[in-house]
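Note sheet for the following structure.
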Amino acid sequence: MRTDDRLTDYIVEQVVRLVKTPSLAGHTDKAISYVEEELSRAGVKHRRTGRGALLATLDGRAPSDGERRAQPGPHRALTAHVDTLGAMVKEPGKDGSLLFTPVGGYALATVEGEYVTVETGAGKLFRGTILLDEPSAHVSKKVTEAKREFENMRIRLDAEVRNEKDLAKLGVAVGDYVHFDPRCEVTETGFIKTRHLDDKAGVACLLGALKALADSGLRPRLTTHFLFSTSEEVGFGASAGIPPEVGELVAVDMGTVGKGQESDEYSVCICAKDSTGPFDYALRRRLVKLCRSQKIPYRVDVYPFYGSDAAAAVRAGLDAVTGLFGPGINASHNLERTHRKALAATVRLVLAYVEPGGGKR
Ligand SMILES: [Zn+2]
C-alpha cells in the first residue's frame, strides 16, 4: 500500500483545508460536511451520529487460511476530533467592543492580538481583533502591566460601533461565535504552522489512512470504525457514537512537545499516560512493536495536562481498552506547529494498526 510522499502531500492538503474550515464545539457542521464529502469521494460508507459526529466503518476481511480464527475479534475504533478552540460573545461592551467567553481551554496570552471573525445569528460575518481593554501604549501603562483576564479583554470589531445600540443594529449579540484566524502556513522546510492542528492534524491522518485503504482495495483485519467527534475540547468528545462491538479504541490526537517531554515534531507520539491515567499497557506495547518492526519514527511520552476522546469514552462507560497516539505538536493550544514527518509517521501507524490485507494487491 502507498505510504509515500504523495500520501503525506494529501494529508498536508487536508490539514490546510480543515484548519480553514471553522468548527467550534456546538457549531462543527461545516467541518463534518467537509469530512463527509471527502469520505464519499473515497467511497467510504459513513453516517452521522445523534450528536452530529461522523462515523465511518470499514468491514473486516474474512480470515485467510493463514489466520484462521474461531470467531471474528471485537471491532476496533479510531477517533479524532474536528472541534477547535475559539470564543463566544458574552456581553456587548458600552463602547461597542465585545466581551467574550472561551470555547475550549486556553491562556489569553496565546490569543491576544489575534484577528477573528464574529459570526452573527443571521450569518453575517464581521472581522475583529482580540485586545486588552486599554491596548494603546501611548494612552495607558496597562498594556505592559495588566494581568490578562476575560474581564479586561475585548474584541475590537471592525465596524463603526460606538455603543451597545450600534452592535444591536448590526445584529451582533450574546451567543455569537468567534472564530480565530488559523494563520496557516506550510513552509518549504516541511513545517505546517497554524492554529487548530489539535486535532485537525489527527483528522487529516485518519482521512489519509482511509484514502490509502480505499485506493489499495485492502481491508482491515477486523471491522474498524473511524469516529470524527465534535466536542472534545469541551470534554465530551467520543462519549457517544462508539458502536458497542468495539473492544479497542485509539484516539489519534496530538503529542505534547515541550520542556521535559519526549515527544517531537518529527515522530508519531504514543501516550503512556495522561492526566486521566495510563493507557492500556498491552495495546501501547503493540503500537511500539508496530513502529519498531515497520521502522516508523516514534516516541513514547507522558502528557502532564491532557485529556482526550478516549477518556471521554471511558468516562461515559465504554467497556473497551484505549490507547492514544498522534503527531507531535509544538506550542499546543497556542501558535501550533508540526512537521510533515510527524503526519507521515502517524498515518503509517494508523495503517499498521488496522492490519490491511486481502483485496486486490
Ligand atoms: Zn485534541
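Observations on the structure shown:
- So residue 268, is it under 16 Å from the mean Cα position of the chain (by Cα), away from the ligand (no atom under 12 Å from the Cβ) and crowded, with 21+ Cβ neighbours inside 10 Å: yes
- Meets criteria (surrounded by fewer than 18 Cβ atoms within 10 Å (Cβ to Cβ) and under 17 Å from the mean Cα position of the chain (by Cα)) for residue 183: yes
- Within segment 292-337, the set of residues being of a type in the set (Gly, Ala, Ser), modelled with pLDDT of 95 or more and within 21 Å of residue 348 (Cα to Cα) comprises 293, 323, 326, 328.
Yes/no matrix, rows are residues, columns are (1) touching a residue at least 24 places away in the same chain (Cβ under 8 Å); (2) assigned to a loop (DSSP other than H, G, I, E, B):
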position: 55; (1), (2): yes, no
position: 61; (1), (2): yes, yes
position: 106; (1), (2): yes, yes
position: 117; (1), (2): yes, no
position: 139; (1), (2): no, yes
position: 144; (1), (2): no, no
position: 148; (1), (2): yes, yes
position: 166; (1), (2): yes, no
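- Hits in segment 228-252 (condition: away from the ligand (no atom under 13 Å from the Cβ) and either of a type in the set (A, V, I, L, M) or part of a strand (DSSP E or B) (or both)): 240, 242, 246, 247, 248, 249, 250
- Counting only residues that are touching a strand residue (DSSP E or B) at 6+ places or on another chain (Cβ under 9 Å) and open to solvent by less than 90 Å² (accessible area, probe 1.4 Å), segment 140-157 holds 11 of them.
- Within segment 83-119, the residues that satisfy the criterion of being out of contact with any Asp or Glu (no Cβ under 9 Å at 6 or more places or on another chain), open to solvent by 30 Å² or more (accessible area, probe 1.4 Å) and hydrophobic (A, V, I, L, M, F, W, C) are 107, 109.
- The residues of segment 193-227 that are aliphatic (A, V, I, L, M), within 16 Å of the ligand (Cβ to nearest atom) and not in a helix (DSSP H, G or I) amount to a single one, 227.
Here's the yes/no breakdown for (1) in contact (Cβ under 8 Å) with a residue 60 or more places away in the chain; (2) closer than 25 Å to residue 192 by Cα; (3) in contact with a Cys (Cβ under 6 Å, 6 or more places away or on another chain):
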{"site": "249", "(1), (2), (3)": "yes, no, no"}
{"site": "301", "(1), (2), (3)": "no, yes, yes"}
{"site": "315", "(1), (2), (3)": "yes, no, no"}
{"site": "325", "(1), (2), (3)": "yes, yes, no"}
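- Just one of the listed residues (344, 352) is crowded, with 24+ Cβ neighbours inside 10 Å, at pLDDT 95 or above and more than 24 Å from residue 102 (Cα to Cα), and it is 344.
- For segment 234-263, the set of residues classified as open to solvent by 30 Å² or more (accessible area, probe 1.4 Å) and more than 21 Å from residue 45 (Cβ to Cβ) consists of 234, 235, 236, 239, 257, 258, 259, 260, 261, 262, listed by residue number.
- Filtered residues of segment 120-139 (kept if under 32 Å from the mean Cα position of the chain (by Cα), of a type in the set (A, V, I, L, M, F, W, C) and open to solvent by less than 80 Å² (accessible area, probe 1.4 Å)): 126, 130, 131, 132
- Some residue of segment 292-307 being within 16 Å of the chain's Cα centre (by Cα) and open to solvent by less than 50 Å² (accessible area, probe 1.4 Å): yes
- Which listed residue, of 190, 202, 171, is within 21 Å of the chain's Cα centre (by Cα), under 26 Å from residue 119 (Cβ atoms) and at pLDDT 95 or above: 202
The values are calculated or read from the model by the stated rules, or taken from the named source; none is laboratory data. Model, not experiment: these values are computed from the prediction. We place every Cβ from the backbone using ideal geometry, glycine too, and count neighbours over all the protein chains shown. Areas reflect the complete protein model, heavy atoms only, side chains present, ligands, DNA and RNA absent. Shrake-Rupley method; radii C 1.70, N 1.55, O 1.52, S 1.80 Å.
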